[in-house]
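Below: the structure, in structure tokens.
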Amino acid sequence: MNEDIEKFFLDKGCLIEEKAIEEIQKRGGLDYILKNEKKIDFSSPIFAISNLPSINEFSIIKEFHLNGFPGISDNFVDIFKSRYSFLHSKLNETSKNHFFTQISKLKKGNGPVFTSGIVSEYTESKRGYGIVEIEDDSTSIKVILPKSFKDIIIKDEVIGVSGQFSKDGTAIFAENVYRPEAWKEPRESQTSLKVMIISDIHVGSKNFLEDSFLNMIDYVNTQGISFVIMNGDLVDGIGVYPDQESDLAINDINLQYKRLAELTSKINSNVRVIIIPGNHDIVYPTEPQNPLPKEINTMFPSNVTSLSNPVWVEIGGRIFLLYHGTSIFDFLESIPGTTMNDTGKIMVEMLKRGHLAPEYGKNLSFIPLKSDYYLIDPVPDVLVTGHVHSHSITTHRGILAINASTFQEQTSFQRMMNFNPKPAIGTLVDTRDLSTKMVQF
């Protein structure tokens, strides 16, 4: 098979690299070349993988726009109503043996109780029992958890419970707790595309690892990569934290983006680059966040697409949910014993709750919307975060969860927090089987 491909290219007057042959075999071998002959330039004496036609189209599945979807509300009630409605329905969809009834529709009696609600309060009794108050749209009830229940309850998450009413009917003694977990049946895609995932580049910082970033670009250009995802904090920004100016190599945010655009222009034009904003970028600090402004987007080459934070995209038959990850710190505060090295565990907690950021009023500030944009819907094949400057690859119930690495070395704040980042690591994903490869730059 390889000999046929080599002979074909020799007949065209050029030698073909081994990596290009491997990529052609993945696309269908010599039949692929014959079908796409008119799209291929054979003028170079050495045919490299970068000379192959681009197959890197992608679709936007769900994207936020401040003046569009899902619409601005004049209060936060709509977010919680839509959250409860969706996750209550999801509990019932995934339950095989019982039906969860809204609290307001429960009939008190001696039989088993199945209900769900948003957690409004969590306390512990003197005897060590967890006590949760859950509510639906109109009423609430106390739930006494079994002493064997050791999981973490987070305020504003939706849970289902089963158990019995107390004698006076004012509480439920729970026997089991259920969550509207996001999961996916494992499968292979018919398309094999290589996706390079990075985050937190921080161009403009004195600690920006430009040489490592250029090494990443060289790898992308020579290894048959179809997509690069840059998952927020593209530049270091201006005035993000006190005395930031002393940490900056570039003191103008427009010049920071100009430099990033210059670097990004070195990526082969047949590679699609998807960028989303983070908390250091030139967008408002509340979430969800719009794509970068038009005047910034025009700096970048045409193969770069700016999308919202979060956003759902389909690449090679796989759904990627891209979220910068500001809520990770809310999870860290709510789950005792976790550190910034536990990003894999935190992302599993997101998936278990079917929500990227359940707790309201902590580090993450929300825009009041007509519906909850942070529900994990549709369920992705790949969940990507960044923000923490750590790195992890986790699989949970058929979903690949990646906390992407940074291109900024340790900052003074991180030294103060005794946190050592894991910089300059690319995560390579093959859309066919979701296999991954870590590449140190």
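Each reported figure results from applying straightforward, stated rules to the coordinates on display, with no laboratory input. Just so it is clear, the model here is predicted, and its values are computed rather than measured. Heads up, the Cβs are rebuilt from the backbone with ideal geometry, glycines too, and the neighbour counts pull from every protein chain shown.
Worth pointing out:
- Under the span-like rule (Cα at least 20 Å along the axis, Kyte-Doolittle mean at least -1.0), DSSP H helices of the chain: 77-94
- Selected from Leu292, Phe100, Gly163, residue furthest toward positive end of dipole (the chain; charges at beta carbon): Gly163
- In terms of its C-alpha gyration tensor, region 127-175 comes out oblate, because a/c is 1.5 or above while a/b does not outweigh b/c.
- Taken along the Cα-to-beta-carbon direction at a fixed 7 Å, the label points for Asn67 and Ala249 span 3.7 nm.
- Cα centroid separation, region 383-397 to region 338-373 (Å): 13
- Given their separation in residues at 0.36 nm each and the Cα-Cα distance between them, Glu6 and Lys370 gain 125.3 nm when the chain is fully extended.
- Taking 0.36 nm per residue of separation and subtracting the Cα-Cα distance, full extension of the segment from Leu214 to Lys108 would add 31.6 nm.
- Charge-dipole axis of the chain as Lys and Arg at +1 and Asp and Glu at -1 on Cβ define it, positive-most pick from Ile60, Tyr129, Ser44: Tyr129
- The chain: relative contact order as a whole-number percent, Cα under 8 Å and 6+ apart: 18
- Simple point charges give the picture: +1 on the Cβ of Lys and Arg, -1 on the Cβ of Asp and Glu, and for the chain a dipole about the Cα centre of about 1320 debye.
- Count, lysine Cα pairs under 22 Å in region 95-178, 8 or more residues apart or across chains: 18
- Listed pairs Lys90/Lys345; Lys266/Lys422; Lys206/Lys266 exceeding 26 Å between Cα atoms: none
- Annotation: the antiparallel percentage among DSSP beta bridges lying fully within the chain is about 65.
- The overall shape of region 319-387 is oblate: from the C-alpha gyration tensor, with semi-axes ordered a ≥ b ≥ c, the ratio a/c is 1.5 or greater and a/b is no larger than b/c.
- Selection from Leu356, Thr326, Ile229, by position along the positive dipole direction of the chain (Cβ): Leu356
- Distance between the modelled labels on Asp41 and Gln190, one decimal in nanometres: 3.0 nm (7 Å Cα→Cβ projection).
- When only the Cβ of Lys, Arg, Asp and Glu is charged (+1, +1, -1, -1), the dipole of region 102-236 relative to its Cα centre reaches about 920 debye.
- Each of Leu322, Leu30 was scored by other Cβ atoms within 10 Å of its Cβ. Arranged with the fewest first, they read Leu30, Leu322.
- Label-point separation in nm, Glu18 to Leu30, each point 7 Å along Cα→Cβ: 2.2
- Helical contribution to [θ] at 222 nm, DSSP H n ≥ 4, -39,500 (n - 2.57), averaged over the chain, rounded to 500: -6500 deg cm²/dmol
- Put in order of Cβ neighbour count within 10 Å, fewest first, the listed residues Asp233, Asp137 become Asp137, Asp233.
- Alpha-carbon Rg with Dmax, taken over region 264-399, Å: 15.5, 46
- Region 2-51: C-alpha gyration tensor shape, a/c 1.5 cut-off, then a/b vs b/c: rounded
- About its Cα centre, region 95-178 has a charge dipole of approximately 420 debye under the convention of +1 per Lys or Arg Cβ and -1 per Asp or Glu Cβ, with nothing else charged.
- Computed on region 1-143, with alpha-carbon pairs under 8 angstrom and 6+ residues apart, the relative contact order is 13 percent.
- Counting DSSP beta bridges with both ends in region 95-178, the antiparallel % (nearest 5): 80
- Spatially near lysine pairs across region 1-68, Cα under 28 Å, sequence gap of 8 or more or different chains: 15
- Working from Cα pairs under 8 Å separated by at least six residues, relative contact order for region 95-178 is 29 percent.
- Max mean-square fluctuation residue, GNM over the chain, Cα-Cα springs under 10 Å, options Ser125, Ser189, Ser405: Ser125
- When only alpha carbons are used to place a centre, region 253-332 and region 100-148 end up 41 Å from one another.
- Ascending count of other beta-carbon atoms within 10 Å, so fewest first, for Tyr241, Tyr129: Tyr241, Tyr129
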